[in-house]
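As structure tokens, the structure follows; a few thoughts come after it.
The values are calculated or read from the model by the stated rules, or taken from the named source; none is laboratory data. What you see is a predicted model; the values in this text were computed from it and never measured. Using ideal geometry, Cβ is built from the backbone for each residue, glycine included, and neighbour counts are taken over all protein chains shown. Side chains included, ligands, DNA and RNA excluded: accessible areas come from the protein's heavy atoms. Shrake-Rupley method; radii C 1.70, N 1.55, O 1.52, S 1.80 Å.
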Number of protein chains: 2
Amino acid sequence: MKKQIEQLKQAIRDVPDFPKEGILFKDITPVLQDAQLFATAIELFAKQTENLGFELIAAIESRGFIFGAALALKLNKGFVPIRKPGKLPYKTFKEEYQLEYGTDALEIHQDAVTPGQKVLLIDDLLATGGTALASAKLVERCGGKVAAICFLIELTFLNGIQKLGNYQVKTLIKF
Amino acid sequence: MKKQIEQLKQAIRDVPDFPKEGILFKDITPVLQDAQLFATAIELFAKQTENLGFELIAAIESRGFIFGAALALKLNKGFVPIRKPGKLPYKTFKEEYQLEYGTDALEIHQDAVTPGQKVLLIDDLLATGGTALASAKLVERCGGKVAAICFLIELTFLNGIQKLGNYQVKTLIKF
């Protein structure tokens with residue numbers, strides 16, 4: 001498993017000054033583009049989570065959809081999209097979260113989760129933890145229980161894990 | 001296969017006046033949420049496309065990612081995201097397309113496809129065909145060949161298929 005994680009880590013591409021100056025962006029597209037690496041990532045997510053007893057995988061727009069949908073298929077779970085405001089057509093719950101400057105928000109369909117259902121949350125990257133925390137609250141507003149939150153990458157220096165202290169967090173790759 | 005398609009069709013929810021008045025939106029989230037229906041949709045996509053000899057699946061942001069990523073895992077292909085402008089971190093090609101009022105654009109990483117590679121394009125919905133045509137051009141600008149374009153749903157009254165006349169188009173559900 002260590003060797004596989006190292007392979008994934010090696011494939012992630014650093015893009016300097018994106019989305020703005022001074023930020024070193026972790027570009028996961030080389031992992032996605034390689035059928036073997038993509039399958040490896042999903043296999044590792046599956047190993048980490050398959051015993052958590054959840055029925056649904058909720059994924060955060062947009063890159064989270066890529067991992068969430070593939071994992072849902074692999075583990076035979078339902079898939080729930082958590083999206084930017086105004087994107088989901090039916091009745092929604094909405095949670096705001098803080099950005100460096102200002103706020104943003106995420107939405108979930110009110111009937112996306114049946115009360116009592118256990119839900120695995122997934123996204124590509126844990127940075128400050130704001131979107132993941134808002135997403136966990138959305139699952140709970142539907143009456144669901146967050147089984148765990150998992151990420152491909154954690155940027156440990158941003159300490160987002162602290163914000164998610166109430167949840168089980170699983171990360172494949174740490175930078 | 002007919003029975004499975006009918007099951008999917010029955011699960012799709014009509015949401016009136018979304019995203020604006022007078023539009024009857026086809027909400028696919030009930031299909032995604034049901035593990036069995038989601039697996040059925042991916043199984044049907046796989047049957048329609050597995051003999052086309054492609055190496056990559058390129059999917060259009062955001063709902064296309066859900067089907068594209070799951071299908072890529074199932075068929076052991078690489079996954080390429082086609083995204084809204086400013087979302088992809090590395091060097092991109094960009095294609096504009098017409099909206100009812102004004103224009104929008106999509107981007108692909110310049111190194112997403114190796115020249116000569118065959119690529120399957122996928123999205124959830126064929127409406128006027130503008131985003132799919134722009135996406136096909138993006139694949140071709142990378143030097144790739146479009147093996148086929150596939151959709152979960154085609155809104156036949158919008159005649160988007162005409163705009164895609166140069167390509168093989170495969171649709172699971174027609175309204």
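Results, tabulated for the structure shown:
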quantity	calculated
Rounded percent of accessible protein surface that carbon and sulfur make up, the range B:18-59, 1.4 Å probe	49 percent
Over 18 Å between alpha carbons, listed pairs A:Lys94/B:Lys26; B:Lys26/B:Lys174; B:Lys9/B:Lys77; A:Lys84/B:Lys87	A:Lys94/B:Lys26; B:Lys9/B:Lys77
Solvent-accessible area of A:Tyr97 with every protein chain in place, 1.4 Å probe, in Å² to the nearest 10	30 Å²
Net charge over other residues, Cβ less than 12 angstrom from the Cβ of A:Thr103 (K, R count +1; D, E count -1)	-3
Per-q log10 I(q)/I(0), the range A:16-171, q = 0.08, 0.17, 0.18, 0.21 Å⁻¹ (Debye; single scatterer per alpha-carbon; no solvent)	-0.21, -1.00, -1.13, -1.48
Cα Rg, Dmax, the range B:135-175, angstrom units	11.2, 34
Interface B:A - total buried accessible surface [probe 1.4 Å, Å², rounded to 100]	3200 Å²
Compactness index (Cα Rg / 2.2 N^0.38 Å), the range A:89-174	1.08
In sequence order, calculated HN-Hα J values of the range A:82-97 (Karplus, 6.51, -1.76, 1.60; Hz; x Gly/Pro)	10, 10, 4, x, x, 9, 8, x, 9, 4, 10, 9, 10, 10, 8, 8
Euclidean distance between Cα centres, the range A:23-101 to the range B:84-118, Å	22 Å
Accessible area per residue in Å² at 1.4 Å probe, computed on chain B	43 Å²
Alpha-carbon Rg with Dmax, taken over the range B:1-71, Å	13.8, 42
Local electrostatic count at B:Ile23 - Lys and Arg +1, Asp and Glu -1, tallied over other residues with Cβ under 15 Å	-1
Solvent-accessible area of B:Thr114 with every protein chain in place, 1.4 Å probe, in Å² to the nearest 10	80 Å²
Solvent-accessible area of A:His109 with every protein chain in place, 1.4 Å probe, in Å² to the nearest 10	10 Å²
Calculated [θ] (222 nm, deg cm²/dmol) that DSSP helices of n ≥ 4 give over chain A, each run adding -39,500 (n - 2.57)	-10000 deg cm²/dmol
Average partner coverage of A:56-65, which counts Cβ from other chains inside 10 Å	5
All Cα pairs of the protein assembly as shown, percent lying beyond 38 Å	10 percent
Inter-copy separations for B:Tyr90, label at 7 Å along Cα-Cβ, nm, ascending	3.8
Copies compared at A:Gln110 - label distances in nm, ascending, label defined 7 Å from Cα in the Cβ direction	4.9
Karplus-derived 3J(HN,Hα), 6.51/-1.76/1.60, for each residue of the range A:3-16, Hz, glycine and proline x	5, 5, 5, 5, 4, 4, 4, 4, 7, 5, 9, 7, 10, x
The range B:67-111: mean projected area of Cα convex hull, nm²	4.1 nm²
Shielding by partners, peptide A:83-95 (average Cβ within 10 angstrom, other chains)	3
